[in-house]
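Undergrad: Dumping the structure here so I can ask a few things about it.
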Amino acid sequence: MQPRSLSTRLLASVSVLLILFFGITIVALDFVFRDLAERSVRDRLDVQLLALISASEEDSSGGLQPAAELAETRFSNPGSGMYGEIVRADGYPSWRSPSLAGTGLDLSPQLKPGERRFGELHSADGAVVLVLSRGIDWEFSNRKRRSFVYSVAENQEPYYAQLHRFRVQLFSWFGALMILLLGSLAILLRRLLAPLRRVEREIEAVEAGQLTELGGGYPRELLGITTNLNTLLRSERDRLARYRNTLGNLAHSFKTPLAVMRNLLTGTHDLPIARQLDEQVGRMDDIVKYQLKRAAASGGTGLGTAPVDVRDALESLRGALLKVYVDRRIICDLEVEPGCMYFGDREDLTEMAGNMLDNAFKWARSRVRLTASRLSTSGARRDGLHLIVEDDGPGIPVAERARVLDRGARLDERVSGQGIGLSVVRELAQLNGGSVTLDESPLGGARIEIRLPPV
Amino acid sequence: MRLLVVEDETALRESLVGQLKEAGFNVDAAADGEEGLYCGREYALDLAIVDLGLPKLPGLELIRKLRAESKSFPILILTARDKWQEKVEGLQAGADDYVAKPFHFEELLARVQALLRRSGGWAQPILRCGPVALDPRTQEVTVHDKRVELTSFEYRILEYLIHRAGEVISKAELTERLYAQDFDRDSNTIEVFIGRLRRKLDPDDTLKPIETLRGRGYRFALQRDSGG
């Protein structure tokens, strides 16, 4: 699975944190609000209960009744949501507020004098009703004492409605706040991550060969990365150049003595020892040539170097070979797909194509055809290269093909006098992640094909 | 034919010069790029052999400079690195062919002769003018398919004249191209050799292959057979 982007990660974590934070806040606020509301209901009921007790008068039947001028008018309005009840200890309901009519509520539990109880009941229509009851001992004027239970109750529906409104507001405010916060965070992230996106863009440009290194003006935190990356790109280029130069000097200082040795042997071919020496010189030459060419291959990604214009590179080679083989009057066709680029090392490409073309010119009777096209692979950002060189010469027999490509690697076994050009091609193609195929051309001769996939 | 060898490795340069002289060329040698440039500017050369890895002035630069000064003699490059990029650059800079070190002298000689032949406008390996044929590879001369024995110097004069058949070549040019610098440059010797050549090629005085243009020089008068 692909790791998620930095901004997605950050936004996701911040969202989780915000939801957690707001969730806890909402729960806490809700709790506090409910607690406060319940307490205030209790206090109210307490006040009502005391008022009811203090307004009580004896009635003729040995019960208690609130005085007619009882301040709380809600007791008398049915459906007011405020209820009251006075019940004698023997269960005789001494007084029930008119508002209780039709509610089916029986407010008073059995209580001993001095006992208090706070409870919840459901009225006939399902509404929640909070009840406060208290048992008292009443001494009548005839000195008789009787126990009563006083109850007051209040319908909680208005409170629930309020709670609902409160919650709706709470959620909408917090929701809006969260959207605002996440939105500003996203904008902030965009701005913060802009340099990172620039790095990404510039690396892509380096890959595409439009840039040789990353630009300047990065923030301090990224400067380390970009500077190091540039140093890496530069040192890679310099290293290859230095390395190739050293190899070139090595070749020069090694081959010149070989050339001297060969020259000293000129005209002595009648002597068997001279022939053997000459053969050994040839072997040494081939070993050095093959190994140095292998070593000098970049085999790299060509990062930080401009892509090679394939037409231009092949056109130069074609011109050079036509000049060298001018006596052979060979016709060399060059077909390059428009816009064909090689994202790799120019020297590697020239070396491979040069050896292939040279081989073709060497064997052709009159025609050589060089075809280059893009090799696109699904999922790859850049194109690879597909090169075909054909000639109308004798071709390479099937049995010989593997050996021709293998010659350089098995120099010790080889017979002197055969070229190592095609094995160099194979080696370089493989170092660049590609492959070589030998076949027969419709022209009649050999067909050499290399496929260099994108790196 | 006058050749220049520009090669910094003394042993190789000396053996090359010796072998080329033996093959009948008039050879100058230079040990570095600057000396090579001087020789290329000052001498009337027919061909230069230039090593690419030269001190002071790299071979590629030397070739570019000579070509920029309209020196049109063929140039053969010697390369030790044997990289295609280098060969292509060399050929684009104005060289005409390359030989990779270590080479067989026979191969180098064949390339030199092919370049000389082409620079004289000859397409075929054997130079034919009417009944006269000259093969630079074997240094054999025939008239009506009969072999003519020539001394080394007679051959060199004839080769030069046939190479540039149809052109007028002054005695001074012949002297410069065929004699080494320290040679006694008496132009009368040229006349003597021309006289001998005429007798050997045309004993009956019917072909008249070599014309004398008074005060201007000589011309090989027979029509080229092909590639002319």
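Undergrad: Report the trypsin sites (Lys or Arg not before Pro) located in region A:253-331 that are in a DSSP loop and have at most 10 other Cβ atoms inside 10 Å of their Cβ, or state none.
TA: Working: sites: A:Lys255, A:Arg262, A:Arg275, A:Arg283, A:Lys289, A:Lys293, A:Arg294, A:Arg311, A:Arg318, A:Lys323, A:Arg328, A:Arg329; in loops: A:Arg329.
For trypsin sites (Lys or Arg not before Pro) across region A:253-331 that sit outside H, G, I, E and B with at most 10 neighbouring Cβ atoms in 10 Å, the list reads A:Arg329.
Undergrad: Compute the whole-percent fraction of alpha carbon pairs in region A:6-161 spaced more than 25 Å apart. Could the numbers behind the result be given before it?
TA: Working: 4986 of 12090 pairs.
Of all Cα-Cα pairs in region A:6-161, 41 percent lie more than 25 Å apart.
Undergrad: Taking the Cα centroid of region A:21-99 and of region B:185-217, what is the distance between the two, rounded to the nearest whole Å?
TA: With region A:21-99 and region B:185-217 each reduced to a Cα centre, they are spaced 152 Å.
Undergrad: How about region B:121-203: which GluC sites (Glu not before Pro) there are in a DSSP loop, with at most 16 other Cβ atoms within 10 Å of their Cβ?
TA: B:Glu149, B:Glu167
Undergrad: Here is a further query. Fewest first, what order do A:Ile396, A:Ile19 take by the number of other Cβ atoms within 10 Å?
TA: Working: A:Ile396 21, A:Ile19 12.
The order, fewest Cβ neighbours first, is A:Ile19, A:Ile396.
Undergrad: Rg and Dmax in Å for region B:2-119, alpha carbons only: what are they?
TA: 12.5, 34
Undergrad: In whole angstrom, and with the biggest value first, how far do the Cα coordinates of chain B range along each principal axis?
TA: 55, 33, 31
Undergrad: Then there's this: In the P(r) worked out for the protein assembly as shown, what percent of Cα pairs fall beyond 36 Å?
TA: Pairs farther apart than 36 Å: 64 percent.
Undergrad: How charged is the neighbourhood of A:Phe31? Take every other residue with its Cβ under 15 Å from the Cβ of A:Phe31, and add Lys/Arg as +1 and Asp/Glu as -1.
TA: 0
Undergrad: With Cβ to Cβ distances under 11 Å as the rule, what net charge do the other residues near A:Leu100 carry (K, R +1; D, E -1)?
TA: Working: positive: A:Arg96; negative: A:Glu85, A:Asp106.
Overall, the nearby charge balance is -1.
Undergrad: Turning to a different aspect of this structure: Give me the lysines in straight-line cross-link reach of B:Lys200: C-alpha distance below 17 Å, same-chain residues under 8 apart excluded.
TA: The reachable lysines, counting only those whose Cα sits under 17 Å from B:Lys200, are B:Lys146, B:Lys208.
Undergrad: If you don't mind, there's one more thing I want to ask. Could you calculate the FRET efficiency of B:Asp145 with A:Asp312 from 1/(1 + (r/R0)^6), where r is the beta carbon distance between them and R0 is 35 Å, rounded to 0.05?
TA: Rounded to the nearest 0.05, the efficiency is 0.10.
Undergrad: I need the fraction of alpha carbon pairs in region B:102-228 separated by more than 18 Å, rounded to a whole percent.
TA: 53
Undergrad: Then there's this: Using a cut-off of 24 Å between alpha-carbon atoms, which lysines can reach A:Lys144, once sequence neighbours fewer than 8 places away in the same chain are excluded?
TA: Reachable lysines: A:Lys112.
Undergrad: A follow-up question, please. When A:Thr8, B:Thr142 are ordered from fewest to most other Cβ atoms inside 10 Å of their Cβ, what list results? Walk me through the intermediate numbers first.
TA: Working: A:Thr8 11, B:Thr142 16.
Fewest-to-most ranking of A:Thr8, B:Thr142: A:Thr8, B:Thr142.
Undergrad: For region A:307-452, what does the convex hull of the Cα positions come to per residue, in cubic angstrom?
TA: Residue-normalised Cα hull volume stands at 114 Å³.
Undergrad: Mind checking region A:111-161 for GluC sites (Glu not before Pro) that DSSP puts in a loop (not H, G, I, E or B) and that have at most 13 other Cβ atoms within 10 Å?
TA: For GluC sites (Glu not before Pro) across region A:111-161 that sit outside H, G, I, E and B with at most 13 neighbouring Cβ atoms in 10 Å, the list reads A:Glu115.
Undergrad: Now, a different point. Of A:Lys255/B:Lys87; A:Lys362/B:Lys101; B:Lys21/B:Lys83, which pairs sit farther than 27 Å apart, going by alpha carbon to alpha carbon?
TA: Checking Cα-Cα distances, B:Lys21/B:Lys83 exceed 27 Å.
Undergrad: Something else: Around B:Glu69, under 13 Å between beta carbons, what's the net of Lys plus Arg minus Asp minus Glu among the other residues?
TA: Values: positive: B:Arg41, B:Arg64, B:Lys65, B:Arg67, B:Lys71; negative: B:Glu42, B:Glu61.
Charge balance near B:Glu69 sits at +3.
Laboratory data are not the source of any read-out in this text; all were calculated from the coordinates shown. All values derive from a computational prediction rather than experimental measurement. All Cβ positions, glycine included, derive from the backbone under ideal geometry; neighbour counts span all protein chains shown.
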